[in-house]
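Heads up, the thing below is written out as structure tokens.
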Amino acid sequence: MKTGIISDIHGNFEALKAVLEALEKEKVDRIICLGDVVGYGPDPNLCVEQMKQIAYATIMGNHDAAAVNAISMHDFNENARIAIEWTQKVLGFEQVLFLNTLPLVFSEKDWMAVHATPEAPEAWDYIFTESQIVQNLNAMEKPICFIGHSHMPIAFIQEANGDILLQNADEIHFESSKKYLINVGSVGQPRDGDPRAAYGIFDEEKRHFTLKRIAYEIPKVQEKMRACGLPIPLIERIAEGW
Ligand code: ZN
């Protein structure tokens, strides 16, 4: 079973289209989306529709929750809030219904996925400090957990003796004695300095994960964002990958 793992699409349909084409070439058996389908970008309805039709599972992200008024926006910065308020205005009824049904956790036999943290997915925390990394690895009910949320691809690995390793998420061979917390980066708004869309491929039989990047038509998305009146910093950042 080969699973395409994607996260943080953020209404960027051009980026999503490029990723879905790449995943088709990779012949994945299914696609799991780790949330934040909407927010920031100009095509929330198209992105929700795509996930509704093709994703095996989609998890709820904080921007999805805010877009359907399931959480307050007090943690959002001004531009994020403006983009969500715009998203709320344009989201269709069916799309709102779909976003409302999304779960916070996806779970398989040997692995799991959440949008933000395995420790408390509903709190929408970020994992930055060493103590947060350790706490979250310890909170994992499965040896492997995929996350999104920070838009920064990285792998936190806990060795059998408890030692923690930080590693880029490009190529990971899973060993049964270790635990893995893997951020798969962002499709629609990367923040690691590489503006290309990120996507992961998890091969369960081969016990292997690869994180890949693909270029997409950024100027086309920026033009749409301008036409929608979305904040300038959000338009500029997708070209910079920050
Ligand atoms: Zn996000």
Here is a check on your reading of the model: is residue 220 out of contact with any strand residue (DSSP E or B) (no Cβ under 6 Å at 6 or more places or on another chain), open to solvent by 50 Å² or more (accessible area, probe 1.4 Å) and not in a helix (DSSP H, G or I)? no
Does segment 23-32 contain any residue that is in a loop (DSSP other than H, G, I, E, B), touching a residue at least 60 places away in the same chain (Cβ under 8 Å) and buried (at least 19 other Cβ atoms within 10 Å of the Cβ)? yes
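Matching residues to (1) in a loop (DSSP other than H, G, I, E, B); (2) surrounded by fewer than 19 Cβ atoms within 10 Å (Cβ to Cβ):
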position	(1), (2)
37	yes, no
40	yes, no
52	no, yes
65	no, no
70	yes, yes
74	yes, yes
97	no, yes
106	no, no
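Could you pull out the residue among 110, 75 that is within 16 Å of the ligand (Cβ to nearest atom) and not basic (Lys, Arg)? Explain how you work it out, then say what you get.
Values: 110 fails: within 16 Å of the ligand (Cβ to nearest atom).
Of the residues listed, the single one that is within 16 Å of the ligand (Cβ to nearest atom) and not basic (Lys, Arg) is 75.
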Options 4, 11, 41; residue that is of a type in the set (Gly, Ala, Ser) and either in contact with a strand residue (DSSP E or B) (Cβ under 9 Å, 6 or more places away or on another chain) or away from the ligand (no atom under 16 Å from the Cβ) (or both): 4
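Hey, among 192, 170, which residue is buried (at least 16 other Cβ atoms within 10 Å of the Cβ) and among the acidic types (Asp, Glu)? So that I can check it myself, show each step before the final result.
Details: 170 fails: buried (at least 16 other Cβ atoms within 10 Å of the Cβ).
Matching residue, one of 192, 170: 192.
Would you confirm whether any residue within segment 228-242 is open to solvent by 30 Å² or more (accessible area, probe 1.4 Å), among the aromatic types (Phe, Trp, Tyr) and in a loop (DSSP other than H, G, I, E, B)? Before the answer, list the steps.
Filtering segment 228-242 down to residues open to solvent by 30 Å² or more (accessible area, probe 1.4 Å) leaves 228-229, 232-233, 236-237, 239-240, 242.
Within this subset, residues satisfying the condition of being among the aromatic types (Phe, Trp, Tyr) are 242.
Filter once more, keeping what is in a loop (DSSP other than H, G, I, E, B): 242.
Checked against the condition, which is being open to solvent by 30 Å² or more (accessible area, probe 1.4 Å), among the aromatic types (Phe, Trp, Tyr) and in a loop (DSSP other than H, G, I, E, B), segment 228-242 yields at least one hit.
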Looking at (1) open to solvent by less than 50 Å² (accessible area, probe 1.4 Å); (2) away from the ligand (no atom under 15 Å from the Cβ); (3) within 21 Å of residue 15 (Cα to Cα), find the lone condition where residue 212 falls short. (1)
Considering only residues that are more than 14 Å from the ligand (Cβ to nearest atom) and among the polar types (S, T, N, Q), look in segment 146-165 and name the one that is most open to solvent (accessible area, probe 1.4 Å). 161
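Does any residue of segment 131-139 turn out to be part of a loop (DSSP other than H, G, I, E, B) and modelled with pLDDT of 95 or more?
Kept after step one, since they are part of a loop (DSSP other than H, G, I, E, B), are these residues of segment 131-139: none.
The answer is no, given that none of the residues of segment 131-139 is part of a loop (DSSP other than H, G, I, E, B) and modelled with pLDDT of 95 or more.
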Going by what's in this entry, would residue 113 be described as closer than 28 Å to residue 236 by Cα, surrounded by 24 or more Cβ atoms within 10 Å (Cβ to Cβ) and among the hydrophobic types (A, V, I, L, M, F, W, C)? no
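The values are calculated or read from the model by the stated rules, or taken from the named source; none is laboratory data. Given the structure is predicted, the values throughout are model-derived calculations rather than measurements. Cβ: placed from backbone, ideal geometry, glycine included. Neighbour counts: every protein chain shown. SASA here: full protein model, heavy atoms, side chains in, ligands and nucleic acids out. Shrake-Rupley method; radii C 1.70, N 1.55, O 1.52, S 1.80 Å.
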